Amino acid sequence: MSPVLARRSLIKTATLSAAAVGFLGGTKLAFAGSPTEGDLAILNVALGLEHEAIAAYQIGAESGLLKGGTLDVAVLFQSHHKGHRDAQIGAIKKLGGKPVEAKTADEYKKSTKLNVASIKTAEDVLRLAQKLELGAVNAYIGVMPNFADRSLSTVASKLLADEVMHYTALTQALNEALPKNTLSFGG
């Protein structure tokens, strides 16, 4: 990919990520209920994003486009997202909330955000996963300071570390340069 196209792709991804951060952050900041209710709102939005990531990796795995080690890594990353989902469901239930349900496979396949119809190559699958992982990185960074229960920030930071690992591996698999700037995420 040319440097100009790579830059445009990064700008587009950053815009989507900023929107995700705003959505997640706005959930907490605009919420007028108790601190626990605010934390539940953030967790449920984040849980919805984990459901989406699980579905995206499933779509990628079932596409037949990923082979060998790439397929193995996609399945591994999906298992990480299932762990994230389970941790968030546990936290939501511990706070007395009701976890948001995953959409159906068909709903995810029709999602304009996932744009499954445009996936034609293994590279397309990896780019979608990379975009979702970067969005998750920036979203977790954006919401961590908003938790009333500080222990949730610790959990979010652990999830964030996995998301950065996923983003880094996918970026390298796409033969793209890693971010050069210090503190390059969350901005």
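Just so it is clear, none of the values below were taken in a lab; they were calculated from the coordinates. None of these values were measured; they are calculated from a predicted model. Using ideal geometry, Cβ is built from the backbone for each residue, glycine included, and neighbour counts are taken over all protein chains shown.
Summary table
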item: Computed E for LYS158/LYS93 - FRET, C-beta separation, R0 30 angstrom, nearest 0.05; result: 0.95
item: Förster-model FRET efficiency, 30 Å R0, ALA61 and SER151, C-beta, rounded to 0.05; result: 0.35
item: Pairwise label distance in nanometres, ASN175 with GLU101, each label 7 Å out on the Cα-Cβ vector; result: 4.5 nm
item: Overall form of the stretch 40-187 per C-alpha gyration tensor (a/c, 1.5; a/b vs b/c); result: oblate
item: Whole-angstrom gap from the stretch 139-187 to the stretch 33-87, using each part's C-alpha centre; result: 14 Å
item: Sites matching trypsin sites (Lys or Arg not before Pro) across the stretch 42-107 that sit in DSSP coil, with at most 16 neighbouring C-beta atoms within 10 Å; result: LYS67, LYS103
item: Nonlocal Lys pairs with alpha-carbon distance under 28 Å, the stretch 110-187 (8 or more apart, or different chains); result: 9
item: Sites matching trypsin sites (Lys or Arg not before Pro) across the stretch 114-187 that sit in DSSP coil, with at most 15 neighbouring C-beta atoms within 10 Å; result: LYS120, LYS180
item: Simple spin-label estimate for SER79 and THR36 in nanometres, 7 Å along Cα-Cβ; result: 3.6 nm
